[in-house]
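Notes for the one structure printed next.
The values are calculated or read from the model by the stated rules, or taken from the named source; none is laboratory data. Since the structure is predicted, the reported quantities are computational estimates derived from the model, not experimental observations. So basically every Cβ, Gly included, is an ideal-geometry build from the backbone, and we count neighbours across all protein chains shown. Each accessible area value is taken on the protein alone, full model and side chains, heavy atoms only, with ligands, DNA and RNA left out. Shrake-Rupley method; radii C 1.70, N 1.55, O 1.52, S 1.80 Å.
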Amino acid sequence: MELSSILMPSAVKVVSTVSSKKRLFQDLGDIAMDCYGIDGGEAFSALQQRETLGPTGVGRGVALPHARLHGLDSVVGCFIRVETPFDFDAVDKQSVDLVFALFAPEGSGVDHLKALALVSRTMRDSTICAKLRANADANTLHALLTDSLSNKAA
């Protein structure tokens, strides 16, 4: 599994600000709808519901919200770089500016976990995160995420 198979170039966005976690989830739902044909309201609700189980702000300015959705055939992702970091209730209490969301089919066990591990490993790489923060072009961000040598899962 590679990030290029999960993340479409059009699913990478740069936004100046996000007013709240709820607004972010609405934006992610809109991107999922536009890029993958996912019902935006369902995506929003699924992200909200998953967040009640525990925060997906994993630390160091990174959040990895994820949800399972009925009707999907494969795992897909959306990435948002927020120019002004915002409070996400992350585990380390730091504001978030890099958000990689995953949407997986309801019945996907191993694929969902592999994708989450792949994204997590990529987003733990401080060099990749520094490059993501230094660029504001969505195409460049997509290339940084998908061209990384470290973004392959077993």
>> Solvent-accessible area of residue 8, probe 1.4 Å, all protein chains present, reported in Å² to the nearest ten, please.
In response: 70 Å²
> How far is the Cα center of segment 124-140 from the Cα center of segment 85-118, in Å?
Replying inline: 17 Å
>> At 1.4 Å probe size, put 39, 92 in order of accessible surface, largest to smallest.
In response: 39, 92
> FRET efficiency for residue 45 and residue 92, Cβ-Cβ distance as r, R0 = 35 Å, nearest 0.05?
Replying inline: 0.85
> How much of residue 106 can a 1.4 Å solvent probe reach, expressed as accessible area in Å² and rounded to 10?
Replying inline: 110 Å²
> Can you give the helix-only mean residue ellipticity at 222 nm for the chain, where every DSSP H stretch with n ≥ 4 adds -39500 (n - 2.57) and the sum goes over all residues, rounded to the nearest 500 deg cm²/dmol?
Replying inline: -12000 deg cm²/dmol
> Averaged over all directions, how much area does the convex hull of the C-alpha atoms of segment 37-143 cover when projected, in nm²?
Replying inline: 6.9 nm²
>> Just to be sure I understand: of the beta bridges DSSP finds with both ends in the chain, what percent are antiparallel, rounded to 5?
In response: 50 percent
>> What figure, in Å² to the nearest 10, do you get for the accessible area of residue 89 with a 1.4 Å probe and non-protein molecules left out?
In response: 90 Å²
>> For a Förster distance of 35 Å, can you work out the FRET efficiency between the beta-carbons of residue 70 and residue 22, rounded to the nearest 0.05?
In response: 0.95
